[in-house]
Amino acid sequence: MVILLRGAILGDGSAADVRLSGRNIETVAPVGSVSSEALEEVIDLEGYVLLPAMVDAHTHLDKANSADLVSNSSGDLMGAINAWSKFRRTLTEKDIYLRASEMAEAALAFGVTAIRTHADVGPGIEMKAVRALVRLRDDYRDLIDIQVCSLAYPLTGKSDSANRERVREALRIGVDVVGGAPELDPDPTEHIAICLGLAAEFDCPVDLHLDENLYPTSMLAELAAQRRENLNQPVAASHCVSLGMCPETVQIEASSAVAGAGIDIITMPQSNLHLQGRGIVSAQPRGITALRALKRAGVTLAGGSDNNGDPFNPVGCGDPLRTARLLVIAGHLTVDEAYELVSRGGRAVMRLPEVRVAPGYPADLVAIRAPSLRAAMASGTEDRLVFRRGRLVRRTAVDRASYAPATGV
């Protein structure tokens, strides 16, 4: 299919015609200069900024849109974990699939064409979330690149051998990534070793919930050491909140170790701002990792929504522009840096081909009605067109009507 996107605003503010051919971008040129030969469709993008499609590198689709069904009475992380652990026993595979597909549809309409979702594995839930999300991945393969990551804890000791077997079963069913949560295990160091061992056994990546607390210590050095010794597969650490609480010298040392070990870091400002620091009245911490130190060290960084409409974040909606906006406001990144974390950085973590608005790159794109990326991030408008592999797959139009003029007009 050959499509012409006419008059799109590029990242540098210039207007251009963009010709898509097959799954890729064929031409980016000044308005009016692109050949109309063999065009099958022309889409007017005047007034829209055209960007690489977005990525949600860390979310929990199995928990999505459950906030009206299960509440978090304490508001903090352990309150959410405890509430969810009880509630998940009541779920069916169909329940999980329906809510997950609703969130996947919402994310796609926002401009997301790649998602890494974690899937609970453990007593009560067993393989329900895994089967639902593997099915979702397969059903949406033409629209979204979905990776499913197992999430089981604890994993150490004889009493938790059942959870280790559950993870193996999940991998046999078709999970793409091994996940875990070392701090929720009596032996965090061994938990890391088990996850890395499973990844080596099944030849798949690892993505761990790490350091999701405000203590000025970090497991990153341990993860880096084990990763260098035992594993060639891709490794990511999600959250890494406590690194932001450490002295600058510790941040620099840990960031250097992470970079040297080739570990990617995924930050989730929405959920961590919501869950962390409750009960601290003065100088309340933000709960965001040490973005600057990690960035200076050359670590690959990505952003994720984490939780959307569930006990961990009752007001999440799956729009990466929200994540990016918070990375500007609370993480002190520039607008361009923040958008990179929810686009190019996310694709790098997921080991997907890079996307740029340039010839030869995959045509996974989002057009947002705004004069610039900054304006799009500021307004958060849902007026967007989403392109996947060179074809328009979703369009959301916003209709605004005025029924009363301003005074004096």
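Coordinate-derived values only; no laboratory data. As the structure is a prediction and not an experimental result, all values here were calculated from the model. Please note: Cβ atoms are built from the backbone with ideal geometry, for glycine as well, and neighbour counts cover all protein chains shown.
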How large are Rg and Dmax for region 166-209 when calculated on the C-alpha trace, in angstrom? 10.0, 28
Which ³J(HN,Hα) values, rounded to whole Hz and listed in residue order, are derived for region 271-287 from phi using the Karplus coefficients 6.51, -1.76 and 1.60 in 6.51 cos²θ - 1.76 cosθ + 1.60 with θ = phi - 60°, glycine and proline given as x? 5, 5, 5, 6, 8, 8, x, 5, x, 8, 7, 10, 6, 4, x, 8, x
Would you mind telling me which residue in Ala225, Ala199, Ala114 has the biggest mean-square fluctuation in a Gaussian network model of the chain, where springs connect alpha carbons within a distance under 10 angstrom? Ala225
Considering only Glu40, Glu93, Glu340, give the residue with the highest GNM mean-square fluctuation for the chain, with springs between Cα atoms whenever their separation is below 10 Å. Glu40
Debye log10 I(q)/I(0) for region 1-141, one point scatterer per Cα, at q = 0.16, 0.19 Å⁻¹: -0.85, -1.04
Rounded to two decimal places and with Rh computed the Kirkwood way over Cα pairs, what is Rg over Rh for region 60-110? 1.01
If you take the charge dipole of the chain about its Cα centre, with +1 on Lys and Arg Cβ and -1 on Asp and Glu Cβ, which of Cys246, Cys149, Pro188 is farthest toward its positive end? Cys149
Would region 283-409 count as rounded, prolate or oblate if I go by the C-alpha gyration tensor, calling it rounded below 1.5 in a/c and otherwise prolate when a/b exceeds b/c, oblate otherwise? oblate
If one builds a Gaussian network model of the chain from Cα atoms under 10 Å apart, the most fluctuating residue listed among Val134, Val315, Val167 is Val315
Label model pair Arg89, Ser379: point-to-point distance (7 angstrom along the Cα→beta-carbon line) in nm is 4.9 nm
What dipole magnitude, in Debye to the nearest 20, does the chain give about its Cα centre under +1 on Lys/Arg Cβ and -1 on Asp/Glu Cβ? 300 debye
Cα-based helix-to-principal-axis angle, 320-329 vs the chain, degrees rounded to 10: 80 degrees
Of Ala406, Ser14, Met219, which is farthest towards the positive pole of the chain's charge dipole, taken about the Cα centre with +1 and -1 on the beta-carbons of Lys, Arg and Asp, Glu respectively? Ala406
In order through region 353-370: 3J(HN,Hα) via Karplus (6.51 cos²θ - 1.76 cosθ + 1.60), integer Hz, x for Gly, Pro: x, 5, 10, 9, 7, 7, x, x, 8, x, 8, 9, 9, 9, 10, 10, 5, 5
Among beta bridges that DSSP assigns inside region 54-349, antiparallel share in %, nearest 5: 5 percent
What list of ³J(HN,Hα) values in whole Hz, one per residue of region 188-200 in order, does the Karplus curve 6.51 cos²θ - 1.76 cosθ + 1.60 (θ = phi - 60°) give from phi, with Gly and Pro shown as x? x, 5, 5, 4, 4, 4, 5, 5, 5, x, 5, 5, 5
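Number of Lys pairs in the chain with C-alpha atoms less than 26 angstrom apart, excluding same-chain neighbours closer than eight positions?
Lysine pair count for the chain: 8.
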Taking N as the residue count of region 54-349, its alpha carbon Rg divided by 2.2 N^0.38 Å gives 0.91
Work out the charge dipole of region 54-349 with +1 on the Cβ of Lys and Arg and -1 on the Cβ of Asp and Glu about the Cα centre, then indicate which of Leu98, Ala297, Ala237 is farthest towards its positive end. Leu98
